[in-house]
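The values are calculated or read from the model by the stated rules, or taken from the named source; none is laboratory data. Source: prediction; values computed, not measured. Cβ placement follows ideal geometry from the backbone for every residue including glycine, while neighbour counts extend to all protein chains displayed.
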């Protein structure tokens, strides 16, 4: 069964610190892997999109990496800000008929002053 | 503001009823996607339309249906509603199809409460 699993489930860090969120997937082959940020009660916002052949993609203080051999992706947040408090969701879009997008359960990040 | 609009913002209805959720994509976007987000199941992909035609289908129940009109706005119809259908329903749009690397822009969502 195609799955996307994220860890940790939640994370508390101090403002200004860095953190790394993990995403393990079994979906293969896939078209692309995405990271989204979602504030409570609002629509997700796209952070990065990586194809199978890409290893890293940056968007400001957010850097996503992809290791296709180990089927792992990570999202690194640098110099965290209070506004980074949100859920971060890993999404994999399979490269098979139907393109049934598969979402991870998300990591809830709390940034404290 | 993503440029994607959804109406209504909130909807409260009773079991067994039928509702219609509406989505207007960003100007120039041809693809519309519908997603459901509930507390126990997280985000789930329901269905995608591209330029008026169904392109991909996810975990959409038979009681649910959608369509995309010539002006590219889309409607999601939910019928014979059950308590478990209570959720946030998001619409997203992108220029092309999601097997490309186009960014999907999400609307603010419609919160459906079934009593």
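Summary table
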item: Residue in the range A:94-106 that is touching a helix residue (DSSP H, G or I) at 6+ places or on another chain (Cβ under 9 Å) and over 15 Å from residue B:104 (Cβ atoms) present; result: no
item: Residue count, the range A:95-113 (criterion: facing chain B (nearest Cβ under 7 Å) and modelled with pLDDT under 75); result: 2
item: Residue tally, condition in a loop (DSSP other than H, G, I, E, B) and buried (at least 22 other Cβ atoms within 10 Å of the Cβ), over the range B:30-50; result: 0
item: Selection count where residues are buried (at least 19 other Cβ atoms within 10 Å of the Cβ) and more than 14 Å from chain B (Cβ to nearest Cβ), scope the range A:85-94; result: 0
item: Residue count, the range B:3-12 (criterion: surrounded by fewer than 18 Cβ atoms within 10 Å (Cβ to Cβ), within 14 Å of chain A (Cβ to nearest Cβ) and not in a strand (DSSP E or B)); result: 2
item: Condition check for residue A:64: out of contact with any strand residue (DSSP E or B) (no Cβ under 8 Å at 6 or more places or on another chain) and surrounded by 12 or more Cβ atoms within 10 Å (Cβ to Cβ); result: no
item: So residue B:15, is it touching a helix residue (DSSP H, G or I) at 6+ places or on another chain (Cβ under 7 Å), surrounded by fewer than 22 Cβ atoms within 10 Å (Cβ to Cβ) and either touching a residue at least 40 places away in the same chain (Cβ under 8 Å) or within 11 Å of chain A (Cβ to nearest Cβ) (or both); result: yes
item: Criterion: within 21 Å of residue A:16 (Cβ to Cβ) and surrounded by fewer than 16 Cβ atoms within 10 Å (Cβ to Cβ) - qualifying residue of A:74, A:58; result: A:58
item: Any hit, the range A:64-76, residues being touching a residue at least 12 places away in the same chain (Cβ under 8 Å) and facing another protein chain (nearest Cβ under 8 Å); result: no
item: Filtered residue count, the range B:51-93, keeping only those that are more than 14 Å from every other protein chain (Cβ to nearest Cβ), touching a residue at least 24 places away in the same chain (Cβ under 8 Å), under 17 Å from residue B:24 (Cα atoms) and outside any loop (DSSP other than H, G, I, E, B); result: 6
item: In the range B:18-44, residue farthest from residue A:39 (Cα to Cα) [restricted to those that are more than 12 Å from the chain's Cα centre (by Cα) and within 13 Å of another protein chain (Cβ to nearest Cβ)]; result: B:26
item: Tally, over the range A:3-21, of residues that are part of a loop (DSSP other than H, G, I, E, B) and in contact with a helix residue (DSSP H, G or I) (Cβ under 9 Å, 6 or more places away or on another chain); result: 1
